[in-house]
1. Roughly what angle does helix 112-122 make with the longest principal axis of the chain, taking Cα atoms, 0 to 90 degrees, to the nearest 10?
2. When the chain is treated as a GNM, springs tying every alpha-carbon pair under 10 Å, which of G68, G201, G165 comes out with the largest mean-square fluctuation?
3. I want the local charge near F116. Using Cβ-Cβ distances under 13 Å, sum +1 for each Lys or Arg and -1 for each Asp or Glu among the other residues.
4. For mean projected area of the Cα convex hull in nm², which listed value, (i) 15.9; (ii) 13.2; (iii) 12.4, comes from the coordinates shown?
5. Using 0.36 nm per residue, how much length does the chain from H166 to R151 gain when fully extended, once their Cα-Cα distance is taken away?
6. How about K219: which aspartates and glutamates have a C-alpha closer than 15 Å to its C-alpha, ignoring those fewer than 8 places off in the same chain?
7. Can you compute the helix-only [θ] at 222 nm over the chain? Use -39500 (n - 2.57) per DSSP H run of at least 4 residues, normalise by all residues, nearest 500 deg cm²/dmol.
8. As a test of understanding, state the convex hull volume per residue of segment 179-239 from its alpha carbons, in Å³.
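The values are calculated or read from the model by the stated rules, or taken from the named source; none is laboratory data. Predicted, not measured: the structure shown is a model, and the values here were computed from it. FYI the Cβ positions are ideal-geometry reconstructions off the backbone, even for glycines, and counts take in every protein chain you see. These accessible areas exclude ligands, DNA and RNA; they are computed on the full protein's heavy atoms, side chains included. Shrake-Rupley method; radii C 1.70, N 1.55, O 1.52, S 1.80 Å.
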Amino acid sequence: MKLIKLLPALFICLLTSSCFISVRAQVKITLVDPSVTNASIERVHAPHGIAYDNHVPSKHKLILMLVGTGGHSTDSRAMDSVFASWGYHVISLDYENNVITTVCSPSVDSTCFDRFRQEIITGAPVSDKVQVGSTNSLLNRFNCLLRYLVRNDPPGKWNEFVVGGHPVWNKIISAGHSQGAGHAGYLGKMFQLNRVVMFSGPQDYLDSLQKPGAWQLGKSATPPSRFFAFLHVDDHFNF
């Protein structure tokens, strides 16, 4: 995996208050409660976060940002604002993230991580570690939100990212932190994405079997050259 070249500029920018102030004035930030997009979808922690800036040339790319365990979608607002100021559309999704991924680390089941992520992302009842139905799955939340934005936010030009009611995956960058990094990577395996960006993750390693979760070695719809990762050598989970 490659170290994404924009990281130094991004983190310098995020560490300076002047950067956030300068982009905040132009970036449009909207909060959308999940239940507004579908009455059956439950809020986990916070509204979905939406960001874009029509004052800069569009990259014609959508970043789907996924926060880590227990994180609120609004926690990534500063980073979302920077991405938006560079011309990206950004969605930070509220999703089921209360169970830490490393619950699978001691498992002797080589598919534990795969099934953990599959249930959270698709809602298929395949994991005994989480309980997420299809309605509250990550994919359904994302699809419902995109369709809602197409209908209710014409200035955002969201129809560029939706065809026939489904996401245009080759225009979408999945990005995430910690648990969200693994979900971003799993989505890259499932769909042919524009990019996959992983911050501090994934941590899908089976301690008892001394090997990574099987999904990481499986076939990928997104080429490996389009996966990017950033992990500090002193990260708590970087054993």
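1. It works out to around 30 degrees.
2. Residue with maximal mean-square fluctuation among G68, G201, G165: G165.
3. Numbers: positive: R115, R117, K129; negative: E96, D109, D114, E119, D128, D204.
Counting the neighbours of F116, the net charge comes to -3.
4. (iii)
5. Values: separation 15, 0.36 × 15 = 5.40 nm, distance 1.38 nm.
Computed gain between H166 and R151 is 4.0 nm.
6. The reachable aspartates and glutamates, counting only those whose Cα sits under 15 Å from K219, are D114.
7. Working: 7 runs with 67 residues, N = 239.
It lands at -8000 deg cm²/dmol.
8. Numbers: hull volume 5.0 nm³, N = 61.
Each residue corresponds to 81 Å³ of Cα convex hull volume.
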